[in-house]
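Everything on this sheet refers to the single structure shown next.
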Ligand code: FAD
């Protein structure tokens, strides 16, 4: 796979903290990571509307502080009018990029809530806001857990692109071949937009393993066994994780990936270290 873009995109994701203390910590993390000059930060959104105000407030605050920020957005339990209100506030706040998702309805979201697929949201955004926003969508090199097959998942991915998505960010993965095969498969199906790998630093085996099982991301057998061996040795696991993820990123960039999107988990240390290991600020 040859390099797809002369200019690569490097971005960092946060989630809205639940407490004032968490937000104060994130403010510091944002300040530290902003020094790396990522192309944008993004802030996740609870599809049940649980973080609606939190997402909006963080996005507008960090935008005011000079960062480019992209809110994640989904219909979830939110009405079209509420989505339009959010969009109006984002426009007014100088936001130009949205990550459009179906989202996962959190437990307790209620059985009356209907999923609305991400392609419907992309279509809605284009109808209501034209070309104003750069629209990112999600995609899944190891196939979305609800999908019947790789083919149907990619067909639905294509629907999001046909509805007007400009670029995509992948679910995280630890096997670079999964990404390269997926990109080739998408290109064969006529999907031409940039597909930026999502990168999850490794800091804690139990959390990673639980989360990966839920979202359908594979931890290769050898890697899982290696991580388990660290046991209580937090520093050892962290050092190994940094080295492994740096090498994964290197393979992806050398293979032509059009950037990287870091799932920071609201922590700065791992992302900045990988960023510096890769000299990303010079690689755009
Ligand atoms: P879709 O693209 O709508 O696809 C969902 C599933 O339905 C897939 O299996 C697809 O194959 C299938 N499908 C799609 N269209 C149709 C159709 N018309 N008919 C039948 N089946 C269809 N979750 C959050 O709650 N908040 C976030 O902020 C958030 N941010 C994320 C950011 C990234 C980069 C990624 C990769 C994931 C994120 N997620 C987030 C998780 C995401 O919401 C879940 O993976 C969710 O289950 C699917 O969202 P989607 O937008 O990919 O859905």
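Points to keep in mind about this one:
- Anisotropy class of region 26-89 from Cα gyration tensor, a/c 1.5 cut: prolate
- The value given for the chain is a Kirkwood hydrodynamic radius of 19.4 Å, derived from the mean inverse Cα-Cα separation.
- Relative packing of 132-141, 272-281, which averages over residues the other C-beta atoms within 10 Å, highest first: 132-141, 272-281
- Cβ crowding within 10 Å ranks 123, 160 as 123, 160, fewest other Cβ atoms first.
- FRET efficiency for residue 283 and residue 134, using Cβ-Cβ distance with R0 set to 22 Å, rounded to 0.05: 0.60
- Per-residue ellipticity at 222 nm, computed for the chain from helices alone with -39500 (n - 2.57) per DSSP H run of at least four residues, works out to -14500 deg cm²/dmol.
- Computed FRET value (nearest 0.05) for residue 221 with residue 247, which takes r as the C-beta separation and R₀ as 25 Å: 0.90
- Using the Cβ-Cβ distance between residue 92 and residue 34 with R0 set to 30 Å, the FRET efficiency works out to roughly 0.85.
- Restricting the calculation to Cα atoms, region 81-193 yields a radius of gyration followed by a Dmax of 15.1, 42 Å.
- The chain - percent relative contact order, Cα under 8 Å, separation 6 or more: 23
- Peptide packing: for 71-77, 261-267, 84-90, the average count of neighbouring Cβ atoms within 10 Å per residue gives the ranking 71-77, 261-267, 84-90, highest mean first.
Read-outs throughout are calculated quantities, based only on the coordinates presented, and are distinct from any laboratory measurement. A quick note: this is a predicted structure, and the numbers were derived from the prediction, not measured. Reconstructed Cβ throughout: ideal geometry from the backbone, glycine too, with neighbour counts over all protein chains shown.
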